[in-house]
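**Student:** I'd like to ask some things about the structure below.
The values are calculated or read from the model by the stated rules, or taken from the named source; none is laboratory data. Here the structure is a predicted model, which means the values were calculated and not measured. Ideal geometry is used to build each Cβ from the backbone, glycine not excepted, and the neighbour counts take in all protein chains shown. These area figures cover heavy atoms from the full protein model, side chains too; ligands, DNA and RNA do not enter into them. Shrake-Rupley method; radii C 1.70, N 1.55, O 1.52, S 1.80 Å.
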Amino acid sequence: SLLSIDEGVAAVIAALREQDALSQTYVFYTSDNGFLLGQHGLFDKRLMYEPSIRVPFLVRAPGRIAPRVDSEHMILNVDLAPTIFELAGLPVPGCVQGRSLRPILEGRRTPWRDAFYYEYFEHPGPHCVRKNHGIRTDRWKLIEFWEEPRELELYDLVADPDEIRNLAADPKLAGTVRDLRERMQKLRRELGDSDPPGSPPRAAPCP
């Protein structure tokens, strides 16, 4: 239950405090994925809708991070590993995806991502979620179901944060769809993603 999670986090903080180590310890609190609980008539995860891809992310480091700061940066779970490497004074392996959050945590201005790539390809399978990939920016989300029958979904996250109105067929937004598709392919190339999705990746794995 959530109460047991709260109690567990409190126990960790108390133990660090008792050992006089809390002021020297970064504490990261997050989860592995979101979950759909009836939104869009669905129950599960794996799809690119906001309830499925959003997760909590809290960081505590007294004296290093200002309290109660809410960042608008687009942070991904793959950013955790390079962040921990850098904070520990270790080199980040070249095969590790993501970027260190240290400059953001310390309040320094730094160039940052303005879009990210999403992919799910375990189909057919027990979850019956069709293979899909997509791109999300601050405003737009494009989701592509790339096997037949191919389908596109486009959402304006500013005007429609609940992702109710699929705008992919709107002729006035054809340029937006084209630009998002091009950006998605660029991100796939940067990540060494394969084509079709789900085949062995082109990027070398970590040793």
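**Student:** Please work out, to two decimal places, the log10 of the ratio I(q)/I(0) at q = 0.16 Å⁻¹ from a Debye calculation in which every Cα of segment 1-54 carries one identical scatterer.
**Tutor:** Per q value, in the given order, log10 I(q)/I(0) is -0.64.
**Student:** For Met74, what charge total do you get from the other residues with a beta carbon under 10 Å from its beta carbon, if Lys and Arg give +1 and Asp and Glu give -1? Numbers along the way, then the final one.
**Tutor:** Details: positive: Arg113, Arg136; negative: Glu72, Asp79, Asp114, Asp138.
Net local charge, Met74 excluded: -2.
**Student:** Determine the dipole magnitude for segment 117-184: charges of +1 sit on the beta-carbon of Lys and Arg, -1 on that of Asp and Glu, nothing else is charged, the reference point is the Cα centre, and the result goes in debye to the nearest 20.
**Tutor:** About 160 debye.
**Student:** Related question: Protein chains only, probe 1.4 Å: how do Cys128, Cys95 rank by accessible area, largest first?
**Tutor:** Solvent-accessible surface, decreasing: Cys128, Cys95.
**Student:** Let me ask another. State in Å² the accessible area per residue of the chain; use a 1.4 Å probe, count heavy atoms of protein chains only, and round to the nearest integer.
**Tutor:** Dividing the accessible area of the chain by its residue count gives 64 Å².
**Student:** Could you work out the helix-only [θ] at 222 nm for the chain, with each DSSP H run of four or more residues adding -39,500 (n - 2.57) and the total divided by the number of residues, to the nearest 500 deg cm²/dmol?
**Tutor:** After summing the helix terms and dividing by the residues of the chain, the value is -7500 deg cm²/dmol.
**Student:** How large is the direction-averaged shadow of the alpha-carbon convex hull of the chain, in nm²?
**Tutor:** About 14.7 nm², averaged over all directions.
**Student:** Which is farthest toward the positive dipole end of the chain among Thr110, Phe35, Gly175, measuring Cα position about the Cα centre, with Cβ charges +1 (Lys, Arg) and -1 (Asp, Glu)?
**Tutor:** Thr110
**Student:** Right, something else. To the nearest 10 square angstrom, what accessible area does Tyr117 show with a 1.4 Å probe?
**Tutor:** Accessible area of Tyr117: about 40 Å².
**Student:** Among Ala14, Ala115, Ala61, which one shows the biggest mean-square fluctuation in a GNM of the chain, springs joining Cα atoms closer than 10 Å?
**Tutor:** Ala14
**Student:** I've got another one for you. Treating cross-link reach as a plain straight distance, find the lysines whose alpha-carbon is under 24 Å from the alpha-carbon of Lys186, omitting any fewer than eight places away in the same chain.
**Tutor:** Reachable lysines: Lys131, Lys141, Lys172.
**Student:** Hey, another quick one. If a helix is a whole DSSP H run, which ones in the chain reach 15 Å or further along their own axis (Cα) and hold a mean Kyte-Doolittle hydropathy of at least 1.0? Don't jump to the answer; show the numbers that get you there.
**Tutor:** On the way: long enough: 2-18 (24 Å, 1.16); 174-191 (26 Å, -1.23).
TM-like helix candidates: 2-18.
**Student:** Taking the alpha-carbon set of segment 71-148, what are its Rg and Dmax in Å?
**Tutor:** Computed over the Cα atoms of segment 71-148, radius of gyration and Dmax are 16.1, 48 Å.
**Student:** Tell me, how many Å apart are the Cα centres for segment 1-72 and for segment 79-138?
**Tutor:** About 16 Å separates the Cα centre of segment 1-72 from the one of segment 79-138.
**Student:** Leaving ligands, DNA and RNA out of it, rank Asp114, Asp156 by accessible area with a 1.4 Å probe, largest first.
**Tutor:** The ranking, largest first, comes out as Asp114, Asp156.
**Student:** Out of Leu191, Leu3, Gln19, whose Cα points farthest toward the positive end of the dipole of the chain (charges: +1 Lys, Arg; -1 Asp, Glu; placed on Cβ)?
**Tutor:** Leu191
**Student:** How high is the relative contact order of the chain, in percent, counting Cα pairs under 8 Å that sit 6 or more residues apart?
**Tutor:** 12
**Student:** Using a 1.4 Å probe and ignoring any ligands, DNA or RNA, find the accessible area of Val12 and quote it in Å² to the nearest 10.
**Tutor:** Looks like 80 Å² after rounding.
**Student:** Leaving ligands, DNA and RNA out of it, rank Phe116, Phe35 by accessible area with a 1.4 Å probe, largest first. Numbers along the way, then the final one.
**Tutor:** Details: Phe116 30, Phe35 80 Å².
Ranked from most to least accessible, the order is Phe35, Phe116.
**Student:** With +1 on the Cβ of every Lys and Arg and -1 on the Cβ of every Asp and Glu, and nothing else charged, how large is the dipole of segment 32-162 about its Cα centre, in debye rounded to the nearest 20?
**Tutor:** Computed charge dipole of segment 32-162: roughly 660 debye.
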